[in-house]
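Here's the structure, in structure tokens; my notes come after.
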Amino acid sequence: MKLAIYPGSFDPVTFGHLEIISRASKLFDKLIVLVSVNPNKPSSFSIEERKELLHKVVEAEKLNNVEIDSNDGLLIDYFTKRNADVIVKGLRAISDFEYEFQMAQANRRLCYKAETIFLTAKSENTYLSSSMVKQIAMFGGDISDFVPECVLNQITERLRIKQ
Ligand code: PNS
């Protein structure tokens, strides 16, 4: 059985993440979507909120081989603990590449069997990011083109700046 882990901040989940989750779930027997801590990014949603949003999206899409989990330590320790085969990451543009390349190299240095596989985003999603979604929603903009419908209200309500 091939087990893949898709780690990320998911703060919050967007159509870009859903695209990678959906495609990766078809490539592997089981996919763990792992809400992880990125110390370089301030978060807006708690880990529990991010997991809840991901659960709703995965249920709505009926992706039965996808598990949602979280980890507040090193990805590679979780990877080893779960005896996983592959780390999956999404690449939107060439600007993502250097950072992702460094992380893939570092993870492989920490554990030689940690292969990272990159899925390139479809063109509609190449510009999409959680931080852009957050900024639009905070100022009352419409984010329905960017996040799945089943979590749209929850994300919008949570982010709107009360004026
Ligand atoms: O969605 P992001 O913020 O680009 O995801 C980055 C993330 C969370 C996957 C990365 O920061 C991470 O792996 N964090 C866990 C801590 C860790 O293992 N850091 C070393 C990475 S080489």
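The values are calculated or read from the model by the stated rules, or taken from the named source; none is laboratory data. All values reported here derive from a predicted model rather than from experimental measurement. For neighbour counting, all protein chains shown are included, and Cβ atoms are generated from backbone atoms with ideal geometry for every residue, glycine included. Protein only, heavy atoms only, side chains kept; ligands, DNA and RNA dropped before computing areas. Shrake-Rupley method; radii C 1.70, N 1.55, O 1.52, S 1.80 Å.
Things worth noting here:
- Compactness ratio for region 3-126: Cα radius of gyration over 2.2 N^0.38 Å (N = residue count) comes to 0.99.
- The angle separating the long axis of helix 47-60 from the principal Cα axis of greatest extent in the chain is about 90 degrees.
- Value at 222 nm in deg cm²/dmol, rounded to 500, when DSSP H runs of n ≥ 4 in the chain each add -39,500 (n - 2.57): -13500 deg cm²/dmol
- Put a dot 7 Å past the Cα of Asp29, heading toward its Cβ, do the same for Lys81, and the two dots end up 2.2 nm apart.
- Heavy-atom surface of region 112-163, accessible at 1.4 Å and reported per residue (Å²): 64
- Computed FRET value (nearest 0.05) for Cys111 with Ile136, which takes r as the C-beta separation and R₀ as 30 Å: 0.20
- Relative to the longest principal axis of the Cα atoms of the chain, the long axis of helix 94-110 makes an angle of roughly 40 degrees.
- Taking all pairs of distinct alpha-carbon atoms in region 71-120, Kirkwood radius in angstrom: 11.3
- Taking every C-alpha pair closer than 8 Å and separated by at least 6 residues, the mean separation divided by the residue count of region 15-132 gives a relative contact order of 30 percent.
- Cα-based radius of gyration for region 90-163, normalised by 2.2 N^0.38 Å, reads 1.46.
- Peptides 112-118, 64-70, 53-59 ordered by packing proxy, namely the average of other Cβ atoms within 10 Å per residue, highest first: 53-59, 64-70, 112-118.
- Annotation: lysines with alpha-carbon distance below 26 angstrom to Lys113 (same-chain offsets under eight excluded): Lys2, Lys26, Lys30, Lys81, Lys89.
- Relative protection proxy for 77-88, 10-21, 95-106, from highest mean packing down: 10-21, 77-88, 95-106 (other beta-carbon atoms within 10 angstrom).
- Listed residue (Phe101, Ala121, Leu91) projecting farthest to the positive dipole end of region 57-130, Cβ model: Phe101
- For region 14-82, dividing the convex hull volume of the Cα atoms by the residue count gives 98 Å³ per residue.
- Inter-site label distance for Ala60 and Asp72 at 7 Å from Cα along Cβ, in nm: 2.9
- Accessible-area composition of the chain, carbon plus sulfur, in percent [1.4 Å probe]: 52
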